[in-house]
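Taking it in order: structure first as structure tokens, then the write-up.
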Amino acid sequence: MYISDFETRTRTPRQRAWQIAATVCDPEIPVLTIEDLGILRDVQVAEGDRITVTITPTYSGCPAMDAIRDDVKAAFAKEGYADVTVDLVLAPAWTTDWMTEAGKAKLREYGIAPPTGKSDAARHAGPIRLQMAVKCPQCSSLHTKELTRFGSTSCKALYVCQDCKEPFDYFKVL
Ligand SMILES: [Zn+2]
């Protein structure tokens, strides 16, 4: 493997491998990396540069997972790693709570309202689910309305802003 700069030299093999895995983007929301989404759970480097990447799918049966698995392998292949295993771990289940703040900011810039509030998994108390207002990513108005529960993908709902009249996708709290 090629060692090109000081930063690369000072990183541990695991940090370096994590950074390679973290460049892979979600096929459905290409502005978000799998690190931004919080689905990149672990990267291990064993002897002989054998890489094991652990990923938790955003929801079971998400068709994007096959693409992500291929993209992870391709990203490592480009850096000279041939022996890459991608493990899927289903428990604990991914929730939108795992999305990073950087990821939420990128979603907003992309015109998708990031999930508001916490998932059911994070709320220990009570059966009452607090519905929080969804903020318009264009004008930040809280005066928004759900048009359809299922938008362009099942992760998203279609909303419309009642102030700027712009429709937008909302990444639902899962
Ligand atoms: Zn608006």
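Calculated FRET efficiency, residue 90 and residue 138, Cβ-Cβ r, R0 30 Å, to nearest 0.05?
According to the calculation, E is roughly 0.25.
Could you sort 73-79, 27-33 so that the peptide with the highest average Cβ count within 10 Å comes first and the rest follow in order?
Numbers: 73-79: 15.1, 27-33: 17.4.
Going by the mean number of other Cβ atoms within 10 Å, highest first, we get 27-33, 73-79.
Quick one: Cα centre-to-centre distance for the stretch 10-28 and the stretch 140-174, in angstrom?
Answer, in whole Å: 32.
Can you list the lysines whose alpha carbon is less than 19 Å from that of residue 172, not counting same-chain residues fewer than 8 positions off?
List returned: 104, 106, 118, 135, 145, 156.
Tell me the Kirkwood radius of the stretch 53-104: reciprocal of the mean inverse pair distance over distinct alpha-carbon atoms, in Å.
It is 12.3 Å.
Counting pairwise Cα distances across the stretch 6-88, what percent come out greater than 20 angstrom? Working shown, then result.
Values: 924 of 3403 pairs.
For the stretch 6-88, the fraction of Cα-Cα distances above 20 Å is 27 percent.
Every number in this text was worked out from the coordinates using simple rules, so none of it is lab data. Keep in mind that what you see is a predicted model, and the values were worked out from it rather than measured. Using ideal geometry, Cβ is built from the backbone for each residue, glycine included, and neighbour counts are taken over all protein chains shown.
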